[in-house]
Every structure is written in structure tokens, then in C-alpha cells.
Amino acid sequence: MRQLMQGDLRILAQAEEHNPIVPIWQEVVVGAVAFALLCWVLMKYVFPRMEQTFQSRVAEIEGGIERAQVAQAEAQQLFERYQAQLAEARTEAATIRDDARADAAGIREDVLAQAREESDRIIAAGRDALAAERASLVRELRAEIGTLSVELASRIVGESLADEARRAGTVERFLTELESSPDEDVASAGVR
């Protein structure tokens, strides 16, 4: 056991000889070689790959921005075209509306003119019918008055006025006198 202890003491003595602040030169060399190897691997393989990835990401982002700008420009053009078409449609609608109003006014005037013409025609036809009816009534009344006046005259005179020519002449003379006398005299004579 003594030997064991002596070996432990030797290790402790060696450990006491080494200053922990000052590194061991062999460890520094191995660490420097490992660090240089790590830096070389990083520079040769990892950093170029990372740079490619960054460049592709930058290109993708910039491409996306450019595509977005192109899409926005197209959308703006479509919007302006839509606005122009909308303004044109509104103008066309206003024109159509004005034309329709003008057409409606023209149709209304035509209908009113036709209605006036129809009413004038109906009134003229009514007047013609009334004139024809009046003429027919006047003829009938003349014939009736003639017959009644001949009968009345036969009774007054006491002789028969059977002769047609005499009767027609008498009736015509009587009616001519009636028509030539003023209406007031006829009306006052009719009252007596």
C-alpha cells in the first residue's frame, strides 16, 4: 500500500508542478490543428453552401417582390380599365335613359295626336249623323205637317183637297212661309 501511496504522491507532485493557468503546449497544438481543420471544413463546404442558400433566399424574396410589383401594376391597370368601362357604361346608360325619355315623350305626343284625331273624327261623325238625322226628321216632319195641314185645311174649307198637285203646292208654300219667318214669331205662334 505504501507503493500505492507513493504513486499517488507522485501524481500529486506532478499535478502540483503544473500551473492550471498556463496550458500544456501539446494540447495547444492539437487544439490549433483541430480548429484549423474545422475552419477549413467550414470555409470549404459549409460557408459556400450557406452563401448559396442565402443567395437563393434573397433571389426568391426579390423575385417575389418583383412578381408582387408586376401583379400590383397589372391589378392597377385592370382597375383603371374597369373604372373607364364603368364610366363609359354610366355615360351609355345616361344616353339610353335620355333617348328613352325622348322616345316616351314622342310616343306620348303621337298617342295624344292620334287621340285628338280620333276624337275629332268621332265628333265629326257625330255631327254628320246628327245632321243626317235632323234632315231625316225635317223630311218626316214636313210630310207629317203637310198631311196634317191638308186635313186641317180640308176641314176648315169644307172641301176636299184631294188633288195631289194642289196639296203639294199648298204644303210647300206653307213650309216656306214658316222657314222664312223668324224663329221668335214661330215660337210665339206655337204658344198661341
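The values are calculated or read from the model by the stated rules, or taken from the named source; none is laboratory data. Model, not experiment: these values are computed from the prediction. We place every Cβ from the backbone using ideal geometry, glycine too, and count neighbours over all the protein chains shown. Side chains are part of the model used for accessible areas, which takes the heavy atoms of the whole protein and leaves out ligands, DNA and RNA. Shrake-Rupley method; radii C 1.70, N 1.55, O 1.52, S 1.80 Å.
Based on protein heavy atoms only, the stretch 25-161 ends up with 86 Å² per residue of surface accessible to a 1.4 Å probe. A Förster radius of 30 Å, combined with the Cβ-Cβ distance separating residue 33 from residue 53, puts the computed FRET efficiency at roughly 0.55. In units of the compact-protein estimate 2.2 N^0.38 Å, the stretch 25-161 shows a Cα radius of gyration of 3.97.
Which of the listed residues, 25, 87, 130, is farthest toward the dipole's positive end in the stretch 25-161, when Lys, Arg count +1 and Asp, Glu count -1 at the beta-carbon? The Cα lying farthest towards the positive end belongs to 25. Note on residue 144 and residue 87: their simple-model spin labels are 8.4 nm apart, each label 7 Å out from Cα toward Cβ.
Dipole magnitude for the stretch 25-161: about 340 debye, using +1 per Lys or Arg Cβ and -1 per Asp or Glu Cβ, origin at the Cα centre.
Can you give me the % of accessible surface on the stretch 25-161 that is carbon or sulfur? Probe 1.4 Å, all protein chains present, nothing else counted. C and S atoms contribute 62 percent here.
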